[in-house]
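To start, the structure under review is shown below, and the notes come after it.
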Amino acid sequence: MNNLAIAIAELTVANLGSVLKNEPLSRHNTWRIGGPAAVFVEPVNAAQICRVVEIAGAYAVPLVVIGQGSNLLFDDQGVAGIVMKIGAKMAAVQVIGERIVAEGGVWVPQLALVSMRSGLSGLEHCIGIPGTLGGLVMMNGGSHRRGIGENIVTVDIVTSAGQQQTLSRKACEFSYRHSALQGSGCIVTGAELLCTPAQRSSIRREMLNDLRERRRKFPRKQPNCGSVFLSTAEMHASVGPPGKIIEEANLKSRRVGQAMVSAQHANFIVNLGSATAADVLALIAQIRTVVRHSIGFDLCCEVRYVSPQGEILPAHLRAAELAG
Ligand SMILES: Cc1cc2nc3c(=O)[nH]c(=O)nc-3n(C[C@H](O)[C@H](O)[C@H](O)COP(=O)(O)OP(=O)(O)OC[C@H]3O[C@@H](n4cnc5c(N)ncnc54)[C@H](O)[C@@H]3O)c2cc1C
């Protein structure tokens, strides 16, 4: 038996609940793209996560952690290792005064609704983000130029060595769509958030406005991964947002295979039905080339590509590699 087979056998006897072999990853991301995971697990608590980390380490098997897969592009070959989802099975939320204590798998719109019902302001900008708290913390996601890091008090993690730790906000080093957790191999199991008391009606109004705006601007019927390219404040000031740049380069509706630049919002790539990761990466490469030639700017991806070996990198790096 090779290492992967032994790791799968260990996971199967580790009493982790469901352990799925050859699970199609297209079921676990919002683009609906990707080959199979050799093994797919969904732990219910931090102790189980530690056990998975331990097994992956002991047999040197790739381990990829995911939430809703709303910022991920899996390779067509899938992942030759363990994919561990922190999702609905770890989604408890508790409100204590002005603080919200939540597990990493809670769906972000659900968390935002809890804050609204508790008369707590601060998470209004998150209502339309279809990811988990763990993914949001990792990416310091948010909207209207805000990030979840602003509300974080502490983050609970399992380290790459399988140890449980609690980090302060300072230790997470949040900056625009970035945190020190990225690339550290740690797994977010939960977080404590601090909000501000406010009228439920005004929080609700702000959330409804945000959702209305998203429905108007973003494609909803075709699978997508949200904004493909990163939009920083410096970029806004010098060349404008990626959607505008791509639209002005006449790339709306540009297609490679079944992947297409959305006709509605040019920073979205939609899956027309059976798009492959190769289609999306080739389209990303084409967009970057055209934009570089037209305005001399190198677009970088917010979306992360996951390789068959379990590496996670900004998708434009893989697109550039493939384009040669
Ligand atoms: C329609 C649409 C709209 C969107 N709008 C926004 C927006 O307004 N603002 C915004 O910031 N993003 C937006 N996104 C992108 C995405 O929803 C966010 O980046 C979200 O935070 C990702 O969460 P996830 O659970 O899906 O993470 P995934 O996509 O599953 O993973 C993203 C990264 O986080 C890591 N990760 C996930 N969970 C954990 C965990 N528990 N512990 C450690 N690492 C983990 C993964 O390894 C990966 O590196 C949008 C996406 C879509 C499809």
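The values are calculated or read from the model by the stated rules, or taken from the named source; none is laboratory data. Quick caveat, the model's predicted, so the values are computed rather than measured. Quick reminder, even Gly has a Cβ in these numbers, built from the backbone with ideal geometry, and neighbours come from all protein chains shown.
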Looking across the stretch 144-154 at residues that are surrounded by fewer than 17 Cβ atoms within 10 Å (Cβ to Cβ) and either within 11 Å of the ligand (Cβ to nearest atom) or among the basic types (Lys, Arg) (or both), the single one that is modelled with the highest pLDDT is His144
Apart from one, (1) of a type in the set (D, E, K, R); (2) surrounded by fewer than 20 Cβ atoms within 10 Å (Cβ to Cβ); (3) in contact with a His (Cβ under 8 Å, 6 or more places away or on another chain) all hold for Glu54; the odd one out is (3)
Residue hits (the stretch 112-156; farther than 19 Å from Lys170 by Cα, aliphatic (A, V, I, L, M) and over 16 Å from the mean Cα position of the chain (by Cα)) are Ala112, Leu113, Val114, Met116, Leu120, Leu123
With criteria (1) under 11 Å from Phe229 (Cβ atoms); (2) touching a Pro at 6+ places or on another chain (Cβ under 7 Å), Asp298 comes up short on (2)
Note on the stretch 233-250: residues touching a residue at least 40 places away in the same chain (Cβ under 8 Å) and surrounded by 17 or more Cβ atoms within 10 Å (Cβ to Cβ) are Met235, Pro242, Ile245, Ile246, Ala249
Among strands (runs of 3 or more DSSP E) entirely inside the stretch 20-128, those with 1 or more residues being without any contact (Cβ under 8 Å) to a residue 60 or more places away in the chain and away from the ligand (no atom under 14 Å from the Cβ) are 36-41, 93-96
When restricted to Val106, Val79, Val137, Val158, the only residue surrounded by 17 or more Cβ atoms within 10 Å (Cβ to Cβ), under 28 Å from Ala37 (Cα atoms), assigned by TED's automatic domain parsing to the domain that holds Asn22 and of a type in the set (Val, Ile, Thr) is Val79
### Task
Answer yes or no as to whether Ile6 is away from the ligand (no atom under 16 Å from the Cβ), in contact with an Asp or Glu (Cβ under 7 Å, 6 or more places away or on another chain), in contact (Cβ under 8 Å) with a residue 40 or more places away in the chain and in a helix (DSSP H, G or I).
no
Residues of the stretch 277-291 being free of Cβ contacts under 8 Å to residues at least 40 places away in the same chain and under 18 Å from Ile245 (Cα atoms), in sequence order, are Leu283, Ala285, Gln286, Arg288, Thr289
